[in-house]
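Notes to accompany the following structure.
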Amino acid sequence: MCSVRVSTEDQDREGFSLLEQEKRLKAMCEYKGYEIYKVYKDAGISAKTGNHRPAFEKLKADIRNKKCNTIVVLKLDRLTRSVYDWENIMKFLDENNAYLDCANDDINTTNANGRMIARLLTTVSQNEIEKCSERTKFGMVGAIQAGQFPYT
């Protein structure tokens, strides 16, 4: 039921991020009276489109098999930063009579307003990733033009 993710191997090695997410999600579940079926952890895997996340796939299988019906995440961007992926997740949840409850972003997909806010926040998240990628590419071009070769 709880899904936690860190996007870099450094965050995974340090362990602080996953542990803190799990602690806060368990407290939220206790407060809301949710029964925790399982905590699904994808460590060191980005939420970018196309990345295979084994724990998330197991979570989806458990939802399909009616072992749980609510995904609880700390922030929406721990689930995805892609508008395309978000729409697929929304379709999946709808088809399986399941929901998302997001602690920090105060999103609950049981109603239209919650789904709308989730779509808006996912759009902002995707924009942040795209802008970061643009800045990185721009910086690399500048470094190469200055005779510095990154990653050598």
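The values are calculated or read from the model by the stated rules, or taken from the named source; none is laboratory data. Predicted, not measured: the structure shown is a model, and the values here were computed from it. We place every Cβ from the backbone using ideal geometry, glycine too, and count neighbours over all the protein chains shown.
Summary table below
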| quantity | calculated |
| --- | --- |
| Checking Phe138 against (1) of a type outside the set (Val, Ile, Thr); (2) over 23 Å from Ile71 (Cβ atoms); (3) in contact with a Phe, Trp or Tyr (Cβ under 8 Å, 6 or more places away or on another chain), the condition it does not meet | (3) |
| Any hit, the range 82-97, residues being of a type in the set (Lys, Arg), under 24 Å from Thr123 (Cβ atoms) and modelled with pLDDT under 90 | no |
| Val83 being over 18 Å from Gln21 (Cβ atoms), among the aliphatic types (A, V, I, L, M) and out of contact with any helix residue (DSSP H, G or I) (no Cβ under 8 Å at 6 or more places or on another chain) | no |
| Failed condition for Leu59, given (1) in contact with a helix residue (DSSP H, G or I) (Cβ under 8 Å, 6 or more places away or on another chain); (2) surrounded by 17 or more Cβ atoms within 10 Å (Cβ to Cβ) | (1) |
| Residue list for the range 28-53, filter: modelled with pLDDT of 90 or more and more than 18 Å from Leu100 (Cβ to Cβ) | Glu30 |
